[in-house]
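Taking it in order: structure first as structure tokens, then the write-up.
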Amino acid sequence: MASTLVIKDLHVEIEGKEILKGVNLELDSGKIHVIMGPNGTGKSTLASAIMGHPKFEVTKGEVLLNGENVLEMEVDERALAGLFLAMQYPSEITGVTNADFLRSAINARREEGQEISLMKFIKELDKNMDFLEMDQNMAQRYLNEGFSGGEKKRNEILQMMMIKPEFGILDEIDSGLDIDALKVVSKGINQMRSEDFGCLIITHYQRLLNYIEPDFVHVMMQGRIVKSGGFELARRLETEGYDWIKQELGIEDETVGQEA
Amino acid sequence: MTTKTNLPVDQQAVEAFSQKNGEPGWLSSLRLDALAKADDLPLPKPDKTKITKWNFTQFAKHTVDSDIYSSLEDMPESIKSLIDVETQQNLYVQRNNTPAFLTLSEELKEQGVIFMDLLTAAKEYPELVEKYFMTEAVKVDEHKLTALHAALVNGGAFLYVPKNVEIAEPIQAVYVHDDTDATLFNHVLVVADDNSSVTYVESYLATDAVQESVVNIVSEVIAKQNARVVYGAVDNLSAGTTTYVNRRGTAGRDSRIEWALGMMNDGNTISENITKLIGDNSYGDTKMVVVGRGNQKQNFTTNITHWGKNSEGYILKHGVMKDAASSIFNGIGKIEYGATKANAEQESRVLMLSEKARGDANPILLIDEDDVTAGHAASVGRVDPMQLYYLMSRGISQHEAERLVIHGFLAPVVTKLPIEGVKRLLSEVIERKVQ
């Protein structure tokens, strides 16, 4: 079944400062969107606001998942409705093993009495960990505790593969990765690609797009999406940078808070 | 001549009790001597907790008689669930003041291991008990509560492991408090002779029947040269019980004492846990978890004192406080002059689940020697909202996310308990207390 995620005129503040100033975006399952843009333009704020990060306050606008406004839902309800956010800085949680955590997350989607069997869970977990070239002992390690930057990113992708959301939002999943880890993470994302899965990738590096070919590319500046296009837009950004967009739009400083 | 005391038990009553038990002369005299001191000695002064109004000394009855359990099947489910029934061959169950069940494997008996209730041991092995009972680890005249304990001791166990005997399977004790009139002066004495090794795990559990009561526990662990003792405990006494519990060990050369303590009492509790690293290369490790709830006030002082060269001491305490519960966590690493190359490390973490809960972590390092290493870490905080956000973003409810964080916080100690049944009990108690 085709799903849609529609962001309408989204305004978001943190500690009284407006970061997003009217973001509009439509995602369909089966498609991969990329939001690019320099640092400080509001990309990660968009990801966090959609998921419901406690520090961000939505002051205006809607985020509709299949017609339902997720901004009225608790964080866990948004997840159960089909959203997934691979975070830039995943929390470390002592004493909770990766495997126990994942099983809780999967069972949260199932009725009482219909929990996933341990055998089936382990089989699925082993398969996905192999695919992401993760060491098997990471299942029994405490959640993200002492994980390297690359291990944390792989672990985010592992969770997405296990949970199978309708929409995955990946917030700078490529930052801090060496080339081998970047290839593995991309492999995971490409594996998810299907008619039932939509994806929003947030990045400020073009290099991820050497491994994942997006359907749509958007550029964010000053808390808005200022340009959208196909894969060719990413190619042009790679060769020419952002200056031509700033010139075109008369923007001097692209970061939030600087008005044209 | 009988002197009048402010205590509910007088000299005559103590004499009569000792006589009824058929105790050896040294124990009777020790009791009477201690009783005479108890009146004048002051209460202990746990740092940052005022206990002058707490009732440690007034109770209706010194002892009660309870029925024994003729077999494992005879025990209530609450006890049976603690015991790995298929495999546990070394078990002492005490019901209030009555030794209610005892079993020790033939193999251990042949090796000379002694395990039985303390008062019987004092009769059958008077020399051993006299040598170690409140002589090395805990002294009778430290304060009012140690003296009162010595005078009125009415239960507990004695475990002796001879030289070179290594016991693989854990020795288990269960102390049941199911009579509200019962007052426990429980004493556990564990002596591990040279090159021996033993794991002892005890549980204190109370039923709903227990209203107001007084419990005074002293445990002594003597680890001789190159001995190893692992001591696990889960205390789960009732809300109306005021508890003084003192668990103390002395470690000889090359020996190790490891504590895993689940402090789950619902009532006001003063806990002292002290490890004296006397011999060179001795090793002490204390892991403790606490859950406080309701209005209970508790004080947990954990101390490792180093005399031995190259001695190592580690303290790890994690506490969760909810409702209006209040707890003080004092951690003391003390290195005496001459204990060169000693290492004292400690960590205390307190997690607060409500506005009214209170928790203080006080790390203290007292060092009289230059050539040592030491460190401490302490924190008091709330459940991290970013951790909850992260877990909830995977579809886990807030309640379940909090549960995961709290259990994770306490896991480093829970996983350390060596008997599955006791580990399960501790997990269940934590579950019940934090929900």
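Brief remarks follow.
- Residues that are assigned to a loop (DSSP other than H, G, I, E, B) and touching a Lys or Arg at 6+ places or on another chain (Cβ under 9 Å), drawn from the range B:51-100: B:ILE51, B:TRP54, B:PHE56, B:THR57, B:SER66, B:ASP67, B:ILE68, B:TYR69, B:SER81, B:LEU82
- Of the numbered criteria (1) charged (D, E, K, R); (2) more than 10 Å from chain B (Cβ to nearest Cβ); (3) over 25 Å from A:SER29 (Cβ atoms); (4) assigned to a loop (DSSP other than H, G, I, E, B), the one A:GLU145 fails is (2).
- Scanning the range B:1-57 for residues that are among the charged types (D, E, K, R), under 17 Å from B:THR183 (Cα atoms) and at pLDDT 95 or above turns up just one, B:ARG31.
- Matching residues in the range B:407-422 - criterion: being at the interface with chain A (Cβ under 9 Å from one of its Cβ atoms) and not in a loop (DSSP other than H, G, I, E, B): B:HIS407, B:GLY408, B:PHE409, B:LEU410, B:ALA411, B:PRO412, B:VAL414
- Which numbered condition A:GLU72 fails, given (1) free of Cβ contacts under 8 Å to residues at least 60 places away in the same chain; (2) farther than 30 Å from B:LEU410 by Cβ; (3) within 9 Å of chain B (Cβ to nearest Cβ): (3)
- Residue within the range B:381-388 that is under 30 Å from A:GLU166 (Cβ atoms), part of a helix (DSSP H, G or I), at pLDDT 90 or above and more than 7 Å from chain A (Cβ to nearest Cβ) present: yes
- Segments classed as strands (runs of 3 or more DSSP E), wholly inside the range A:1-71, with at least 1 members that are aromatic (Phe, Trp, Tyr): A:56-65
- Residue ID - modelled with the lowest pLDDT, chosen from residues in the range A:193-218 that are within 17 Å of A:ALA181 (Cα to Cα) and among the polar types (S, T, N, Q): A:GLN206
- Filtered residue count, the range A:19-53, keeping only those that are more than 28 Å from A:ARG193 (Cα to Cα) and modelled with pLDDT of 95 or more: 4
- Of all residues in the range A:153-183, those satisfying the criterion of being surrounded by fewer than 18 Cβ atoms within 10 Å (Cβ to Cβ) and either more than 13 Å from the chain's Cα centre (by Cα) or under 21 Å from A:ARG103 (Cα atoms) (or both) are A:LYS164, A:GLY176, A:ASP178, A:ILE179, A:ASP180, A:LYS183.
- The set of residues in the range A:104-117 being more than 7 Å from chain B (Cβ to nearest Cβ) and either part of a loop (DSSP other than H, G, I, E, B) or closer than 20 Å to A:GLY188 by Cβ (or both) consists of A:ILE106, A:ARG110, A:GLU111, A:GLU112, A:GLY113, A:GLN114, A:GLU115, A:ILE116, A:SER117.
- Going through (1) part of a strand (DSSP E or B); (2) loosely packed, with under 15 Cβ neighbours inside 10 Å; (3) within 12 Å of chain B (Cβ to nearest Cβ); (4) not aromatic (Phe, Trp, Tyr) one by one, A:VAL96 falls short only on (2).
- Considering residues of the range B:182-196 that are under 18 Å from B:ALA34 (Cβ atoms) and over 12 Å from the mean Cα position of the chain (by Cα) only, the residue surrounded by the fewest Cβ atoms within 10 Å (Cβ to Cβ): B:PHE185
The values are calculated or read from the model by the stated rules, or taken from the named source; none is laboratory data. Quick caveat: nothing in here was measured; it's all calculated off a predicted structure. Because the Cβ atoms are built from the backbone with ideal geometry, glycine has one as well, and the counts that use them run over all protein chains shown.
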